[in-house]
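Here the structure comes first, spelled out in structure tokens, and everything after it is commentary.
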Amino acid sequence: MKKLTLIIFIIISTVRLSAISISEANELYKEQKYEQARDIYLQLVQKDVKNSKLFFNLGNTYFKLQKYGKARLYYEKARKLSPNDKDILYNIQFIKQYLTDKVPEEEDSFILKVLKKINNFFGINLVLWVILGLFIILSVQLIFLILCRREKDVQLQKFLLSITAVIFMFSLFYGIVKLSYFQKNEFGVIISDTIDGYSGPGTDYKKTFTIHEGLKVSIEEEQDNWYLIKLPNGIGGWIEKSHLGKI
């Protein structure tokens, strides 16, 4: 019991400390002390605090410091947690005008565009909450079914239970697919001013492209200190890991 109380106390203290630190950093940001605000935000990130508002505020701080690559990186991290937040989406579009690279993206088919919109609307956090809610509803319905005595009520509960079960199974399947997508599809943002890409994992290979900070790319493979990335236009090449921040 004492151990449980201690664990709860530590968790509550950590949450309070994080809230205080974010508030402190926010005040420094308002006072235009951007470097000090950045340092506090980064301390929380290093403590593995995952919060879309924290990432969004850190992105704004980097923007004020004219570090557009890192600003884009943390905006994208914020979008990953809150894909429908209008402020985050606006800032991602807004910052693109400050980036050097205007690489045209591969055109998606109409069906793929629709699927992406649906996928973005149902963020992973929302899906997990829906699954949890449906599980609770299923449990309650099952209890009612067991307690029912009248045949008419039993039939009704069975009907409702079957509908909820179908929705639950579909949501569970969608959640598994979405989690698998997050694990298999990795993206990153270039955080160095200017970098070269090569046809292999080393500077001895042929140079294939030159890109600049703030460009979002997909990570296809990694080898030692190198990433194989793919640009929005489909061109691929190897870059050193230190030039890229993972979303």
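The values are calculated or read from the model by the stated rules, or taken from the named source; none is laboratory data. On a predicted model such as this, the values are computed, not experimentally measured, just so you know. Cβ coordinates were reconstructed from backbone atoms using ideal geometry, including for glycine residues, and neighbour counts include every protein chain displayed.
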Ile176 passes all but one of (1) surrounded by 13 or more Cβ atoms within 10 Å (Cβ to Cβ); (2) within 29 Å of the chain's Cα centre (by Cα); (3) over 17 Å from Glu220 (Cβ atoms); which number fails? (1)
Can you tell me which residues in segment 68-106 are outside any helix (DSSP H, G or I), under 18 Å from Glu213 (Cβ atoms) and either polar (S, T, N, Q) or without any contact (Cβ under 8 Å) to a residue 40 or more places away in the chain (or both)? Thr100, Lys102
Any chance you could count how many residues in segment 187-206 are loosely packed, with under 15 Cβ neighbours inside 10 Å and part of a strand (DSSP E or B)? 1
Of the conditions (1) over 21 Å from Asn125 (Cα atoms); (2) modelled with pLDDT of 95 or more, Lys77 fails just one. Which one is it? (1)
Looking at Phe187, Phe168, Phe159, which one is within 20 Å of Ile247 (Cα to Cα) and of a type outside the set (Val, Ile, Thr)? Phe187
Quick one: count up the residues across segment 207-228 that are out of contact with any Leu (no Cβ under 6 Å at 6 or more places or on another chain), surrounded by 15 or more Cβ atoms within 10 Å (Cβ to Cβ) and part of a loop (DSSP other than H, G, I, E, B). 2
Ser242: modelled with pLDDT of 90 or more, farther than 30 Å from Ala78 by Cβ and out of contact with any Pro (no Cβ under 9 Å at 6 or more places or on another chain), yes or no? no
Condition (residue is farther than 30 Å from Leu128 by Cβ, in contact (Cβ under 8 Å) with a residue 40 or more places away in the chain, among the small types (Gly, Ala, Ser) and touching a His at 6+ places or on another chain (Cβ under 9 Å)) applied to segment 176-195: is it met by at least one residue? yes
